[in-house]
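The structure under discussion appears below in the form of structure tokens.
Nothing in this text is a laboratory measurement; each read-out follows from the coordinates by a stated rule. It should be emphasised that the depicted structure is a prediction, and the values quoted were computed from it without experimental measurement. All Cβ positions, even for glycine, are placed from backbone atoms using ideal geometry, and neighbour counts span all protein chains on display.
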């Protein structure tokens, strides 16, 4: 990838669209600090601080959250205690006690329509694609990030699940002024979560930038890969 | 004082002070009674005399000693060539203080105690500075409850004096003195250990040793434990400690015998975390009658070399045996562990689940045997062994043996070896966790199926200990 000059502000939603293999997910991983995606050239900044050389956890602690395209399973890692540990990492001042936290968690899980008993299992262990995506959202709510990358959160989701997730993220944007980078092939999710900026990338380069009108164009004509 | 309380130190001390033994016991002023290094018939006799044993036990010891001399060292399993039998104290009885100071305890062990949040008094005990923790006062009322139900729970030495017939009904019968070289050694020089008898139909609702987490009697070098669970009774016995036990004694060779009568159930949980200079060579075996259930839950963290294969002999129809084990092999360690299930009767069932973790150049081996004798119709067994290797220097092996002499049986064996995936680490790190925290999460998840079987305080400490090991493994 080269020549990607993008800027995302607090409370802003940016959609990054492009065909398969255009480098969208690579960008997501590079931003989150995945060791497989080395950054040879260029720099990444987070709230004006350079993060190019930081480890994934350092970036996370600054307030960057990556909702993975295919979240892995960690068998035996109990979800509730895992989420409590995340919570303790991020919340210092107005921290709820464990009982309050658990109640809050059950409440949020219910709003996301996560099946009863799912939180008693190992992290993503035996979960369906949709359940995994909802778990990503739950982790996001717990860690209260400043900026979120949703890497194809819409893949493998049915319409209902997509709507629930999109609206929950929208609420975070509105209430907590979270900045969101949505990486997707499809415009579907943008019906619920409008993007302020739309960026089309192709073959690792920015092809076009604009607003929601670009989405309309893609819906009509596709990504014009033939060109 | 309850008769189940540990034998009082004072009375023993007085007894020894009055008896001038000439076999190298140091003077009472030093508060320490110690046989000379090395082993010979005289020392075996002396141990028996010190314990005022009857002829029967003395002869048992002497015969065992002869067998020990005759038996060859095992040529399979871990490397035991560096054990120097002549450089070991076979009988050490401390009084109030072994004369070791808190300052002598290695720093890394102290640090671990601190990180586990263990109180100072307990730390000193675990570090071998204090010989005995004052458990009698605290646990007296609990002991009384057990006694009221007819349960016998006392030290092995005390049991031999008070209940000789009961002891001899099974002592040395489940693990015969000639079973293997180390069982013979234990039979010759055993000292300490527990005796438990649970009468017919009595169910002990709390794990027994849970009250006695701190109890010297169970931490000797050559302890001998016998548990008899009578018909329809149930007991859960827990021994050991998740915190590292610091000892300068380099050989720990215990024997545990368990008799599970018809319809009875016994669960025996061990967590072992000896310091890494110790050879831990233990023979554990249970005999299970009709429809009885035996469960071994075994965790091995410490020691230099562990060789331990808890066994179940399913002698009665419909008997069930279960062996759950977890081993962590770090730098310089070899955990050679597993289990044995021997099916003698119809409709017997068994399950072995073994989980091992190798890191920092450690080595873990699963060694197991399933035997199904002629006549064990419809016997069923399942073996699952999963190994997790954390780095390229570490190693894991599996040595399963199946001896099947009956055709109408079912036997399943599953084995997996895995490494912690980069994707798992990245995923957890992107949630804000340090690399070693992420590793510990994956590892603790891996052993969770076993850990959840442990009493609460043990499982919590085990998880924290593994986290500490992970911290050490980074950088």
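Taken residue by residue and averaged, Cβ atoms of other chains lying within 10 Å of the Cβ of A:87-95 number 1.
The share of alpha-carbon pairs in the range B:109-470 lying farther apart than 25 Å comes to 53%. Partner shielding of A:55-64 amounts to 5, given as the average count of beta-carbon atoms from other chains within 10 Å of each residue beta-carbon.
How would A:146, B:72 line up from fewest to most surrounding beta-carbon atoms within 10 angstrom?
Lowest to highest Cβ neighbour count: B:72, A:146.
Taking only DSSP H segments of four or more residues, each worth -39500 (n - 2.57), what value at 222 nm results for chain A once the sum is divided by all its residues, to the nearest 500 deg cm²/dmol?
Computed mean residue ellipticity for chain A: -11500 deg cm²/dmol.
The separation of the range B:254-278 from the range B:70-85, counted between C-alpha centres, amounts to 23 Å.
Averaged over the residues of peptide A:67-77, the number of Cβ atoms from other protein chains lying within 10 Å of each residue's Cβ is 5. Using only alpha carbons, the range A:127-227 has a radius of gyration to Kirkwood radius ratio (Rg to Rh) of 0.98. The equivalent ellipsoid of the range A:80-187 has semi-axes of 22, 18, 12 Å, largest first, where each one is the square root of 5 times an eigenvalue of the Cα gyration tensor. For a modelled paramagnetic label at residue B:205, 7 Å from Cα along Cα-to-Cβ, the residues of the range B:264-280 in reach, with backbone nitrogen under 19 Å, are B:265-267.
Taking the centroid of alpha carbons for each part, the range B:307-369 and the range A:147-215 are 52 Å apart. Counting neighbouring beta carbons within 10 Å and listing from fewest to most, the residues B:256, A:39, B:278 come out as A:39, B:278, B:256.
By the beta-carbon count within 10 Å of each Cβ, the least crowded to most crowded order of B:374, A:24, fewest first, is B:374, A:24. For the range B:435-471 and the range A:66-114, what is the separation of their C-alpha centers, rounded to whole Å? What the calculation gives is 19 Å, centre to centre. Of all beta bridges that DSSP places with both ends in the range B:109-470, some 5 percent have antiparallel geometry.
In this simple spin-label approximation, residue B:110 and residue A:207 carry label points 7 Å from Cα along the Cα→Cβ vector, and these lie 6.7 nm apart. With bins 10 Å wide beginning at 0, the percent of Cα pairs of chain A falling in each bin runs 7, 32, 37, 19, 4, 0.
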